[in-house]
Amino acid sequence: MTAFDFDTPVDRRGSGSLKWDVPAGELPMWVADMDFKTAPAVRDALAERLAHGVFGYSVVPDEWYSAYCDWWRERHGVTFDPAWLTFTTGVVPALSSIVRKLTTVGENVLIMTPVYNIFFNSIVNNGRHVLESPLRYEGGVYDIDFADLERKLADPETSMLILCNPHNPVGKIWSRETLARIGALAKKHHVLVVSDEIHCDLTDPGCAYTPFASVSDDCRENSVTLIAPTKAFNLAGLQTACTVTPDPTLRHRVSRGLNTDEVAEPNAFAVTAAVAAFTKGALWLDALRTYLYENKCLVRETLARECPDLRVTPSDATYLLWLDVSRIVPDADRLADHLRRAAGLYLTAGSEYGESGRAFLRMNVAAPRATVEEGLRRLTRGLASFRDSGD
């Protein structure tokens with residue numbers, strides 16, 4: 001029995017929630033935030049900061065650097081020099097800034113699809129070209145097609161690779177050997193790696209992730225890593241994140257980009273929340289990871305029994321499940337639309353993550369167990385009505 005309560009629902013309607021800004025009666029299980037209150041230690045720290053009552057301009061104190069460095073050393077076995085770290089308001093703002101600063105208009109930015117849909121936005125919105133290297137999908141398992149990846153890294157117009165580690169939406173934790181191979185190829189072809197590691201603390205119990213920059217000299221000196229407490233502690237609305245750039249010349253360029261774009265200054269609560277999460281939130285996070293794993297097991301077991309034509313992609317990280325519906329319908333857009341209309345269940349159509357995701361749905365199970373059970377009832381009911389309707 002955990003000392004933390006993940007079962008009690010929190011009514012998020014009327015709170016300005018992106019996720020819950022949906023019609024009455026609809027159950028949103030789409031965007032990647034959780035329906036849990038953040039860790040008590042974080043709430044206590046924010047309440048104390050709120051009680052202070054003055055919210056002027058903020059600085060980034062030494063304790064922020066220590067919190068990140070200590071967490072990654074103790075949790076992930078990697079040592080960061082505090083000088084490598086730069087505060088930023090979010091992984092996405094940092095990513096877009098880095099694309100603008102470190103690539104040129106018209107160049108290729110390479111991504112391995114299906115992948116987090118906002119990567120596309122950060123590339124296209126800045127006048128760069130999206131170059132996809134689709135992951136290989138065989139027997140329900142994803143891996144990298146290294147022949148295709150190297151061919152596209154070798155293109156002189158390719159200047160950046162955006163890596164997702166662990167990989168959203170498929171939940172894959174990349175091995176040290178795989179990351180080393182990516183790093184060697186990127187260095188060989190003069191392509192900078194930007195590694196989005198925002199989901200790294202949401203691995204299943206007993207599973208660990210490897211930070212890209214920790215793998216080799218090539219990986220460390222030719223990369224920028226994006227990290228944050230926001231996914232693991234449900235803090236996305238507080239706009240708090242960090243870039244890690246070991247190479248000093250590259251770090252200067254990243255820092256100039258973040259400051260030029262005005263995304264390097266914390267709001268009054270951003271530092272407080274991050275420090276509290278990383279210094280006092282470990283027990284809560286471990287309890288959360290167990291709860292999420294149990295939710296994922298519940299979904300897998302229920303769908304294997306009730307909907308054997310739907311396959312849940314194996315994963316070891318994130319609270320997002322990647323549902324293969326190819327044996328039901330080739331275009332999951334139609335199914336996602338039907339589920340929302342007929343069953344009031346809002347899942348994300350896999351085509352948002354690239355063409356190779358077209359036969360998939362993404363399901364967010366970071367919610368109280370009763371909510372997940374209701375989502376499963378709606379999903380099974382919606383699948384049955386989809387088959388009956390010939391939609």
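What separates the Cα centres of segment 149-166 and segment 94-137 is a distance of 9 Å. Across segment 200-240, how large is the tail of the calculated P(r) beyond 14 Å, expressed as a percent of all Cα pairs? So the pairs more than 14 Å apart make up 58 percent of the total in segment 200-240. Note on the chain: Rg/Rh from C-alpha atoms, Kirkwood Rh, equals 0.96. Taking Cα centre as origin and charging only the Cβ of basic (Lys, Arg, +1) and acidic (Asp, Glu, -1) residues, the dipole magnitude of the chain rounds to 260 debye.
Each Lys and Arg Cβ is given +1 and each Asp and Glu Cβ -1; about its Cα centre, segment 214-298 then shows a dipole of about 200 debye. Inter-label distance, LEU50 to ARG369: 3.0 nm, where each label sits 7 Å from its Cα along the C-beta direction. The helix-only estimate of mean residue ellipticity at 222 nm for the chain, built from DSSP H runs of length n ≥ 4 each weighted as -39500 (n - 2.57), is -12000 deg cm²/dmol after division by the residue total. In a fully extended conformation the segment linking GLU138 and ALA268 would gain 42.0 nm over its present Cα-Cα distance, using 0.36 nm per residue. Note on ARG13: accessible area approximately 90 square angstrom, rounded to 10, probe 1.4 Å, nucleic acids and ligands left out. Compare SER216, SER15, SER326 in a GNM of the chain, Cα atoms joined below 10 Å, and give the one with the largest fluctuation. It is SER15. Working note: Cα gyration tensor of segment 1-151, eigenvalues times five, square-rooted, sorted largest first, giving semi-axes of 33, 25, 20 Å. Compactness ratio of segment 65-139: Cα Rg over 2.2 N^0.38 Å, N = residue count? Expressed relative to 2.2 N^0.38 Å, the Cα Rg reads 1.41.
Modelled spin-label separation between ARG387 and TYR57, with each label point placed 7 Å from Cα along the Cα-to-Cβ direction: 6.4 nm.
Toward the positive end of the charge dipole of the chain, with +1 on the Cβ of Lys and Arg and -1 on the Cβ of Asp and Glu, the farthest Cα among PRO61, ILE144, THR225 is that of ILE144.
Taking the dipole about the Cα centre of the chain, with the C-beta of Lys and Arg at +1 and of Asp and Glu at -1, give me whichever of TYR209, ALA236, ILE98 is farthest to the positive side. Among TYR209, ALA236, ILE98, the one farthest towards the positive end of the dipole of the chain is ALA236. At what distance in angstrom do the alpha carbon centres of segment 1-44 and segment 278-349 lie from each other? Centre-to-centre (Cα) distance: 17 Å.
Farthest toward the positive end of the dipole of segment 286-378, out of ALA304, GLY357, SER326, is the Cα of ALA304, where the dipole comes from beta carbon charges about the Cα centre. Spatially close Lys pairs in the chain, defined by Cα atoms under 28 Å apart and a spacing of eight or more places or different chains, total 24.
The values are calculated or read from the model by the stated rules, or taken from the named source; none is laboratory data. What you are looking at is a predicted structure, and each value in this text was computed from that prediction instead of being measured. For neighbour counting, all protein chains shown are included, and Cβ atoms are generated from backbone atoms with ideal geometry for every residue, glycine included. Protein only, heavy atoms only, side chains kept; ligands, DNA and RNA dropped before computing areas. Shrake-Rupley method; radii C 1.70, N 1.55, O 1.52, S 1.80 Å.
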